[in-house]
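Here the structure is laid out as structure tokens; the discussion comes afterwards.
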Amino acid sequence: MGSEPALKRLAATLAAARDAELAHLAVPQAAERLILGAQKRARRRLALRRSALPGLLAALALTAFLLLRPRALSFQVGAQSPGHAGAWISAQAEPVPLVFSDGSRLTLQAEARGRVLDIDRSGARFVLERGTLSVAVVHRAAARWSVVAGPFEVQVTGTRFDLSWSLADEAFELTSLEGAVIVSGPSLGTGQALASGQSLRVALREGGGARAAETSATPSAAPSAAEPASPAASAVTRRGRASAPEGSSASARPAEAPGMTSRELRALSAAGRYAELLEQAERQGFSELCARASAADLLLLADAARFSGRAERAQQALLALRGRFARDARARTAAFLLGRVAFERGDADAEAARWFEVYLDEEPSGSLAGDALIRLAECRGRSGDPSAARDAAQRYLSLYPDGPHAERARRLQR
Amino acid sequence: MNDAALVEGVRGGHALAIAVFYERFRRRVWHVLHRLLGNDPELSDAHHEAFERALRSIGGLRDTRRLESWLIGVAVFTARSVIQRRVRRRWLLFMPPEKLPECHAVATSGESSEAVRATSAVLEQLGADERIAFVLRFVEGMELEEAAELCRVSVSTFKRRLSRAEARFVELARDSAVLCEWLEGGSRWGRNQR
């Protein structure tokens, strides 16, 4: 005891006891057992490595695939905000750039509004509601980009162009700055290709004629020898859709009726010579033409009839399109146009409403859905069904709270 | 054979290198395990297990000059596993501590013999980490840094373990008349320190 710390004394006692105990214990001699164990483990490891090699290679291949596979693109709005598909983006006084992860860039110019509808690893689908959009898409194999503006759609594979859409004037304008694009929509048939330096303007309110102009002549702007350009769109070549289903197979076999070939029909449409087109169609038999024409030609025929004020012929062509090409995407557009033809007649609101509802059922998030909803609301209101009008207006506002018809929809809600 | 060559040989699985490695360190490992576990029935198995573990993990030894301290660290961890297994078994079998197999200590005198037996019994009731900290520091007399390194923890962590071990040891020792006598006069664990 004394002054020695208790710890040291007790620990020393324990250590001494353990040492004394240790002296009586034999240290194991098991080197052989250890060596045998080590050798056994080494053999097992080798066998495991051999048997696991295929699995390991497969796992490595899978890992490489997962790491290297192309991922869906992403985009940023402005300098830093991450973009989300479906969200509306409005530019005020300043342009708003949308920068995509593959380096592509869409710029909403001042006062323009639009949204990215879908985005995947190949590209994106953008809807321009109004204003001007500057597009610069980076060329990549299998890139798939498109821009929808009203009833027009632009297919892009790596190019630069400016696109404008005015809802008030229903005017579409595109200027190709680099590379080529394919534009489809009213009076453009299955699609028209625009090369670098070319521009295209379609004003539906002014009769819908497509006017193409070559702003700067370049070798790439020359039309394909295999596909002569239409008279009015001398610098514009026509697209051939190899993989489109029903409609394009019909398009590949154009109606060769006596009097007017498919090529002539398209040329007259592109030139805006609708009266002449209809005259020729009547001469060879409108019904016969509707029974034989391709989906694209039927749409052109309907456009020509609408712009010439021949509502019944427009309906006939559109109904033929829906009847013969029910699975074609253009059949859905035909439903909207049938509603619009009836709507413009002014005495067929119930019929118009029915066709708008058909379109909305078949294409609830289509590029014409907003137009279909607001017209549906107006039809219902005009036909004395305020409750249904309010419902349709409410649907419009819930989908497009800041849409171009929002004010009209609010009025219809009251 | 120097340590670097020895490690190289052991890593390669060469029988001669393993035999030399075992022969060079078997006494030291045995000593450490005995200090930590006492004359435990599992001592021989723990000794073999420590070397097995060492052979499996020697690939991870970075500095071959620290071979011995690394191996002692492996032995400490092996002892820790043995203590934990023993605690789990005790819990599973619902054996009260006083009924545990007694650790037979060889004492130098009657008084010491009692104290050693009581100390062993108290140590048996400490948790694995606390018990190891207590033995390495107080019984084996290691420096804090050395003991912390063997336990693969920082010095501050080791100090906390040691502090917990001390407190628990004193608490348990107060139930032993023999240890109370030993501790009463001491300056470290005396009643006046509570």
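No lab work stands behind these numbers, since they all come straight from the coordinates. On a predicted model such as this, the values are computed, not experimentally measured, just so you know. Virtual Cβ from ideal backbone geometry, glycine too; neighbours counted across all protein chains shown.
What the table below lists for this structure:
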read-out	value
The range B:3-40-the range A:32-53 distance, computed between alpha-carbon centres (Å)	20 Å
Segment B:SER81-B:ALA5, extension gain: residue separation times 0.36 nm, minus the distance between their alpha carbons	24.4 nm
Share of alpha-carbon pairs per 5 Å distance bin for the range B:1-100, given as whole %	2, 13, 23, 21, 15, 10, 7, 4, 4, 1
Kirkwood Rh in Å, taken over all unlike Cα pairs in the range A:139-193	11.6 Å
B:GLN125 paired with A:LEU62, simple spin-label distance in nm, labels 7 Å along Cα-to-beta-carbon	5.3 nm
Rg/Rg_ref, the range A:318-414, where Rg_ref = 2.2 N^0.38 Å and atoms are Cα	1.04
Stretchable slack from A:ALA42 to A:GLU362, in nm (0.36 nm times residue separation minus alpha-carbon distance)	108.5 nm
Cα→Cβ-extended label distance, 7 Å offset, between A:GLU288 and A:GLU111, nm	5.1 nm
Test item: A:36-44 mean partner chain Cβ contacts at 10 Å	3
In Å, descending, principal axis extents of the Cα set of the range B:114-173	33, 18, 14
Alpha carbon centroid spacing (whole Å) that separates the range A:73-94 from the range A:363-409	26 Å
